[in-house]
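A short write-up of the structure that comes next.
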Amino acid sequence: MMGSEMRIHSTDISRRGMLGAGLAGVGLLVLPRRLRAAGPGEAPMTALTFDGDALLAAGPGLYRREDAGGNWTASPAPSGILALATHPERPGRIVAGLAEGGVALSEDGGRSWEARNVALAEGEVAAVSVAAGNSDMIYAAVRGDGLWKSEDAGRTWAFAMDRPWLDEAERDVLALASVDLASGMGGIWIYAGTETGLTRVPDCFCRWQDVQPGNAMDALAAGDAPPSTAPLPPGEPVQALASAPAPPGTLYAALPSGIWASGDGGVIWARMLSGAASAVAVHPDDEMRVVAAVDGALQQSRDGGVTWSVLAAA
């Protein structure tokens, strides 16, 4: 897709292989790679996020592009990144969920990585998120297991919540977003995208709930959730979620039908871009600046998704 970018060529080294080679004690993921010019659009993009003004894109590797433009640069990141998370108060810290299991963390913008898996369940980590009000609180969704949390930037983990029960079955979480909206239970919300739609849980981890007007206490008092006037399309997998720090009710979602946006915490949604969307990210200081992977290409919007253009190579 992009002409003057970077491609990663390497011999795949699994996380367990690296740990077995004696690096587990140190936690370092040192992945030697040969780099040459190419682009991040040659395979489906699995995750997008902003690290300050820089855009990060995960696909066959991990790529970084500074706000001023220029070439994409390739990071020596672990292979098989399924999810990325950052926090506006901790530039340079990047959290990655891995297909081969576990979480990796970088403190220097992706130049070096550490495994952060002590007590974390084994299995594919399909989604990660950093708590909106606490840059050391990390959430990870382990496929086939549930939701886990770490209060010390991934150094140790504890089980937080079973997978959500939707449509008569437990559903794996495909996407996570910590949203700084009061839950009514003494904390804020964690939103989760699943293969059948959107749900959320207060960060006290008391109960998964449908997204509806009001807070968690209102929902418990009302019983069944009232039907939303404009929900996300029912039955579609929510591949990615992105929350704007301000205003906190601004959410973006990537679905097979396109990029959707909500300004009220996910009660009412509108489609902003059609196409098969796999990832979406919103700038930490500008909720109107959105980047999405749609139909295998990177698209960007500077007006909250009203208009879009291809993110061209510099």
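The values are calculated or read from the model by the stated rules, or taken from the named source; none is laboratory data. Nothing here was measured: the structure is a model prediction, and the numbers come from that model. Using ideal geometry, Cβ is built from the backbone for each residue, glycine included, and neighbour counts are taken over all protein chains shown.
Report the residue count in the stretch 276-303 for those that are at positive phi and surrounded by 15 or more Cβ atoms within 10 Å (Cβ to Cβ).
The number of residues fulfilling the criteria is 1.
Give all pairs with beta carbons closer than 9 Å in which a residue from the stretch 135-163 that is more than 23 Å from SER106 (Cβ to Cβ) meets a residue that is among the basic types (Lys, Arg) and not in a loop (DSSP other than H, G, I, E, B); count only pairs at least 6 apart in sequence or on separate chains.
PHE159/LYS149; ALA160/LYS149; MET161/LYS149
Checking ALA253 against (1) within 20 Å of VAL294 (Cα to Cα); (2) outside any strand (DSSP E or B); (3) not hydroxyl-bearing (Ser, Thr, Tyr), which single condition isn't satisfied?
(2)
Return the residues of the stretch 80-101 that are touching a strand residue (DSSP E or B) at 6+ places or on another chain (Cβ under 8 Å), more than 12 Å from THR46 (Cα to Cα) and not charged (D, E, K, R); say none if nothing qualifies.
ALA85, THR86, HIS87, PRO91, GLY92, ILE94, VAL95, GLY101
Looking at VAL306, is it among the β-branched types (Val, Ile, Thr), assigned to a strand (DSSP E or B) and either buried (at least 23 other Cβ atoms within 10 Å of the Cβ) or not assigned by TED's automatic domain parsing to the domain that holds LEU48 (or both)?
In short, no.
Based on this model, can you work out whether SER75 counts as modelled with pLDDT under 95 and surrounded by 24 or more Cβ atoms within 10 Å (Cβ to Cβ)?
yes
Across the stretch 180-218, what is the number of residues that are surrounded by 22 or more Cβ atoms within 10 Å (Cβ to Cβ), of a type in the set (A, V, I, L, M, F, W, C) and assigned to a loop (DSSP other than H, G, I, E, B)?
1
All but one of (1) in contact (Cβ under 8 Å) with a residue 60 or more places away in the chain; (2) at positive phi; (3) surrounded by fewer than 24 Cβ atoms within 10 Å (Cβ to Cβ); (4) small (Gly, Ala, Ser) hold for GLY258, so report the exception by its number.
Just one mismatch for GLY258, condition (1).
I'd like the residue in the stretch 241-250 that is within 17 Å of LEU84 (Cβ to Cβ) and not in a strand (DSSP E or B) and, out of all such residues, is nearest to the chain's Cα centre (by Cα).
Checked the stretch 241-250; the qualifying residue nearest to the chain's Cα centre (by Cα) is ALA244.
For VAL130, only one of the following conditions fails: (1) farther than 21 Å from GLY102 by Cα; (2) in contact with a His (Cβ under 7 Å, 6 or more places away or on another chain). What is its number?
(1)
Would you confirm, using the coordinates I've provided, whether GLU114 is acidic (Asp, Glu) and assigned by TED's automatic domain parsing to the domain that holds ALA99?
Judged against the criteria, GLU114 is a match.
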